[in-house]
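K.L.:
Below is the structure I would like to discuss, written out as structure tokens.
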Amino acid sequence: MSDYAKILVAVDLSEDSNRIVQRARAVASGATAELHIIHVIEPLSFAYGGDIPMDFSGIQDEIYQQASQQLQRFAESNGVDEAHRHIVMGRPEVEIHNLAEELHADLIVVGSHGRHGLALLMGSTANGVLHGAKRDVLAVRVGAPD
Ligand code: AMP
């Protein structure tokens, strides 16, 4: 049994996401922990900024719709209530922290790829979430085994 009352699981909607939610459920089991999931969409303007003089709003809306549908399917297959699904725009690590604060979550669960070399230097969402975290963070190892 765990002491956690509210768990926020960050999902990028890749195949690994099922495993991450299963781990979170295992931690929550026995307790009456509430499980929330968050998916963050990075605005295209973050990547392309003012470099490309183009209106991204149509593409951005399309990306949002697709992601909402994917999150809905994912949540339904993992038994996560509608009120516990969150989709937001921004930088993943920032928005994950913001929502955890807002919900008063006491645990954040993220996936973590065992990175090496250059990829390690570039950092990861898991590192970003861990950095300055005001609550416990569980990093679930995902990706190919060593
Ligand atoms: P990454 O460092 O991007 O390989 O992602 C590692 C983990 O960070 C994922 O397994 C998710 O738990 C979380 N994550 C990455 N991107 C997002 C996103 N856009 N929205 C929510 N969580 C994310």
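Every read-out reported here was derived from the displayed coordinates using simple, explicitly stated rules and does not represent laboratory data. Source: prediction; values computed, not measured. Every residue, glycine as well, gets a Cβ built from its backbone with ideal geometry; the counts of neighbours run over all protein chains shown.
K.L.:
Looking at region 126-142, I want the residues that are within 14 Å of residue 6 (Cβ to Cβ) and have a partner that is charged (D, E, K, R) and more than 10 Å from the ligand (Cβ to nearest atom) with Cβ atoms under 8 Å, at least 6 apart or on another chain. Which pairs are those?
P.N.:
134/101; 135/106; 136/106; 138/23
K.L.:
So, one more: Can you spot a residue in region 16-28 that is farther than 16 Å from residue 126 by Cβ and touching a helix residue (DSSP H, G or I) at 6+ places or on another chain (Cβ under 9 Å)?
P.N.:
yes
K.L.:
Go through region 34-48 and give me each residue that's crowded, with 20+ Cβ neighbours inside 10 Å, of a type in the set (A, V, I, L, M) and free of Cβ contacts under 8 Å to residues at least 60 places away in the same chain.
P.N.:
Result: 35, 37, 40.
K.L.:
I'd like to check something: does region 59-72 contain any residue that is away from the ligand (no atom under 13 Å from the Cβ) and outside any helix (DSSP H, G or I)?
P.N.:
Looking for residues that are away from the ligand (no atom under 13 Å from the Cβ) and outside any helix (DSSP H, G or I), one finds none in region 59-72, hence no.
K.L.:
Is it the case, given these coordinates, that residue 5 is more than 17 Å from residue 76 (Cβ to Cβ) and within 16 Å of the ligand (Cβ to nearest atom)?
P.N.:
Spelling it out, it is not the case that residue 5 is more than 17 Å from residue 76 (Cβ to Cβ) and within 16 Å of the ligand (Cβ to nearest atom).
K.L.:
Can you pull out the residues in region 16-33 that are surrounded by fewer than 21 Cβ atoms within 10 Å (Cβ to Cβ) and within 10 Å of the ligand (Cβ to nearest atom)?
P.N.:
Within region 16-33, 16, 19 qualify.
K.L.:
Which members of region 72-84 meet the condition of being over 16 Å from residue 28 (Cβ atoms) and surrounded by 15 or more Cβ atoms within 10 Å (Cβ to Cβ)?
P.N.:
Of everything in region 72-84, just one residue is over 16 Å from residue 28 (Cβ atoms) and surrounded by 15 or more Cβ atoms within 10 Å (Cβ to Cβ), namely 74.
K.L.:
Take residue 95 and decide whether it is touching a residue at least 24 places away in the same chain (Cβ under 8 Å), surrounded by 14 or more Cβ atoms within 10 Å (Cβ to Cβ) and not in a loop (DSSP other than H, G, I, E, B).
P.N.:
Here the answer is yes, as residue 95 does meet what is asked.
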